[in-house]
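Input: a single structure, listed below in structure tokens.
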Amino acid sequence: MMHRKPRVAFLLTLLLWLAGPGARAQDTVVQYLSGTDKDHTVQWDFFCTKGQNSGKWSKIAVPSNWETQGFGTYNYYRDEINPDEQGLYKHSFRVPAATPGKRVFIVFEASMTDTEVKINGQPAGPVHQGGFYRFKYDITDLLKPVGQDNLLEATVSKHSANASVNQAERKADFWLFGGIYRPVYLEIVPPTYLDRLALDARADGALRVDAYAVNAAAGQAVTAEVRELDGRRVGKMLSVQAAADPDKTTLRGQFPGVRAWTPEAPQLYNLVVTLGSGRGTGHRLTQRFGFRTLELRPRDGIYVNGSRVILKGVNRHSEWPESGRALSKQISLLDVQLMKEMNMNAVRMSHYPPDAHFLDACDSLGLFVLDELTGWQAKYDTIVGRKLTRELVVRDVNHPSILFWDNGNEGGFNRALDGDYALYDPQKRPVLHPWERFNGTDTKHYPDYNYVQNAVLYGQDVFMPTEFMHGLYDGGHGAGLEDFWNLMRQHPYLGGGFLWSFHDEAVVRTDQNGRLDAAGNAAPDGILGPHREKEASFYTIKELWAPVVIDKTFIAPGFDGRLAVQNRYDFTNLRQCRFAWKLVSFPGPGAAGTAPRTNAAGTAPPPALAPGETGWLALGLPAAWARSDALYLTAYGPDQREIFTWTWPIQPPQATKKPTTAAPAAAVAVSEPAGSLLVQVDGLGYYFDPTTGYLQKVAGPKGDVSLSGGPVLAGVKQALKQLRHYAAGPAHVVEATYEGDGSSFRAKWTLAPGQPAHLEYQYAQRGEADFMGLTFNYPEEKITGMKWLGRGPYRVWKNRLKGQQFGVWHKDYNNAITGETWQYPEFKGYHADLYWAVVETKESPFTVYADDPGIFLQMGRPTRPAGATNDNTSPAFPDGTLGFLNAIAPIGTKFQPPALLGPQSQKNLMLNYTPVSGSLWFDFR
């Protein structure tokens, strides 16, 4: 009978637990020694050995990077200045009164880079190497009795004593900070405790729990309960006798009816695991998790919960301008919400594990994650790499958002570590080598359009570039994405892609009077600015990656109120979405505001379309819909988040009413003062250069309007062939004809009493061109703003037309340089679908009306970024400062000129040499 005694003791323990688990369960006690984030810090004593404010003891906020606190040396890419810089920390603390008999650990969430920790003068353990990982020491035997002060000392060296750590982390394309930049705290547990948990929770409700108990004795039980977030128990309690050795105790159970986790419905549960004892002690851990199944199917794709998914993601650095890598939960939530707003469903950690609260936000709000071991084009050695891989996976293993482990980046792969991830991950998530073909995936970085074309035709691996469309200044990201994404979707094994990158890595330089420094052209790579200012590509991505696709380009007179719609969700039926429309009319150029007037509004019943299906959305517009100026349609997801708002003009540009006045009795006067042809009408004088045919200026009662030097056929060298002027009834006509470069151009001004000046033009242009249309000059220093009806408020490029809304917009003048000044939207550039524009000036405002669809307004010429080293992201602009164009230039990426980015990124070409005709009205009155 002796063999039954352990079983009896186990049952007795279980009964005692069931009778009163709350009385015996102790949660881990956490006592912060530092603050909890960048906004809630604790002052520690600090000594910096070199750089700013070095050589003296002072105070520093913890957590923080010491450079952002005014100490030490800033370095980007490699520690070239003061590589041996160190920070010495001291802090006194006391342990809680209930500590005797407990085990006490000190935990560092992360510290850059080598960190030596002492408690009361004694080493807490070996020096930790690796600047992005959680590490801890058992300091129970080093502490003084309750009520006495303990001294924590930490020596942090930016440069590691391990050469491979420096190669992997501190010779990398990002800012290299120093310091204790994530929280430090004590964990206090009973002598017998649960060290950690590792879960495998499948979409069908199958659950495996690996519980790592320490000092477990015979007769102790490990129990596990699944609970809703509101505390309600789900299914039955799991229980098993605890293993008596340091190895794991595994529990298994089935929970039918649970809701699986997806980014579109991020359902989470709590797992409460208790190590119980019949002697009145016990320890409890609570782990938030989700039921989710991942499969990487060779020559097929990525499947989550049995459904194929396409990852639409971005690479994210953990950084904030004023605090470096010391962040907060609020920033994590902000970043995830911004990604969701762009209709992304995935994020890649670049190039190191993020704060734990960022992964919590991905779990709760819904984003797939690629979690990454540091290794930027160089790898850790195997000894330190094994330790850091363990720290990475042990901390992050239970996040349902994580789909893959990245074993380094761009050649920073220690292949000896590929099998280590599975040692700590019961889910056995696939391991990637971002940048190469590995493990059935092709994660090529920065493929050009031709590479993607070949991958579509011949690729045998799941295609998922983990970096593509490399942003720089205003290039990349949304520019070229439409062509790339449409082509990538044709790949039979598409896994998705990750844009580079989320935000500009600019930091506030405490050694340079607070200047925002993006390291020249090394770091302004973001879709957003450093403080998450939205650039134009933000909205392009939002439209192109919308899970609801509506490709209607214009509203024709016979529109029946139905729109073709495609469901590109991975899990959601379109009937779970909501659609709202409105018909609007816009204020005119002389109105005070820009807001449209709503004439009618309503909702459209969502069609029941499964993921991948296409159908029709019937708006049910009123009979008088065609009397409005535009149609707006907004789609909302099941979470009530706006997916996108589409806008379509209803009226053509020529329908815009031009202001007229009663014609005065005086006839048009024509004269030829020295060097000019002068036509006077309605109190205005139009001066033309008789040698060029160009407008020289317009004189009025309020002074001159300095519009001159045009119209010119943009980018084409031509000479005046003929200048004619003649009366045409009450009006006077000035007509100029040009030729040169194999192109022809004719401009005809009609100046009539009571009407704006009317410019009709026609041109035919041979050869490829960056832009096509006509331009004028106006002194930039005299421009104060612009108000226009068209697509806005951001500028566009030939290969980035999506994302902007049709409406009336206003911008004050700025000389914003994308990625260097972060004042958005930029004033200067190309603006799409012009109907009219008021050019606000220090002289007198004037209004230009377009009669033709598809006209681009060129407002000024953007300033070239100071850090630019090539012209990839500096597109061509006409010499004029005010243009009305039929075709504009594309923009490239950091590594590729536009020509390598697909059809929309090519130069413009006039087919068949068919002349283009256009009509503009200029109102200077």
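Bear in mind these aren't lab numbers, they're just calculated from the coordinates by the rules spelled out. Since the structure is predicted, the reported quantities are computational estimates derived from the model, not experimental observations. Neighbour counts run over all protein chains shown; Cβ positions are idealised from the backbone, glycine included.
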Practice task
Give me the net charge of Gly588's neighbourhood, meaning all other residues with Cβ under 14 Å from the Cβ of Gly588; Lys, Arg count +1, Asp, Glu -1.
Solution key: +2
Practice task
Would you work out which of Gly742, Ile783, Pro730 lies farthest towards the positive end of the dipole of region 702-923, given +1 charges on the beta-carbon of Lys and Arg and -1 on that of Asp and Glu, about the Cα centre?
Solution key: Gly742
Handout entry: Relative contact order computed over region 548-634 (Cα-Cα under 8 Å; 6+ residues apart), in percent
Key = 37 percent
Completion exercise
Filtered hits (lysines, Cα-Cα < 22 Å from Lys748, offset >= 8 within chain) -> Lys657, Lys658, Lys697, Lys717, Lys721
Handout entry: Sparse-neighbourhood loop sites, trypsin sites (Lys or Arg not before Pro) in region 708-812 - DSSP loop, at most 10 other Cβ within 10 angstrom
Key = Lys717
Completion exercise
Dividing the mean separation of Cα pairs under 8 Å (6+ apart) by the residue count of the chain yields a relative contact order in percent of 8 percent
Practice task
Return the whole-Å distance between the Cα centroid of region 86-101 and the Cα centroid of region 812-838.
Solution key: 54 Å
Handout entry: Listed peptides 450-459, 166-175 by packing density, highest first (mean Cβ within 10 Å)
Key = 166-175, 450-459
Practice task
Could you check what % of the DSSP bridge pairs in the chain are antiparallel, to the nearest 5?
Solution key: 90 percent
Practice task
Tell me the label-point distance for the pair Arg259, Leu151, using the 7 Å Cα-to-Cβ offset, in nm and rounded to one decimal.
Solution key: 5.5 nm
Handout entry: Counted charge near Ala203, where neighbours are those whose Cβ lies closer than 10 Å (Asp, Glu -1; Lys, Arg +1)
Key = +2
Practice task
Report the label-to-label distance for Ser919 and Lys236 in nanometres (one decimal), using points 7 Å from each Cα along the Cα→Cβ vector.
Solution key: 8.2 nm
Practice task
Based on a Kirkwood Rh over C-alpha pairs, give the Stokes-Einstein translational diffusion coefficient of region 33-189 at 10 °C and viscosity 1.306 mPa s in µm²/s.
Solution key: 100 µm²/s
Practice task
Quote the FRET efficiency, to the nearest 0.05, computed for Asp741 versus Asp704 with a Förster distance R0 of 51 Å and r equal to the Cβ-Cβ distance.
Solution key: 0.95
Completion exercise
So, relative contact order of region 776-925 in percent, Cα under 8 Å, 6 or more apart, is 24 percent
Exercise for the section: Go ahead and estimate [θ] at 222 nm for the chain from helices alone: -39,500 (n - 2.57) per DSSP H run with n ≥ 4, summed, over the residue count, rounded to 500. Expected result: -3000 deg cm²/dmol
Handout entry: Filter on Lys811/Lys907; Lys312/Lys387; Lys136/Lys387; Lys248/Lys387 - keep pairs with C-alpha separation over 24 Å
Key = Lys811/Lys907; Lys312/Lys387
Fill in the blank from the handout: The exposure ranking of Glu533, Glu225, fewest beta-carbon neighbours within 10 Å first, is Glu533, Glu225
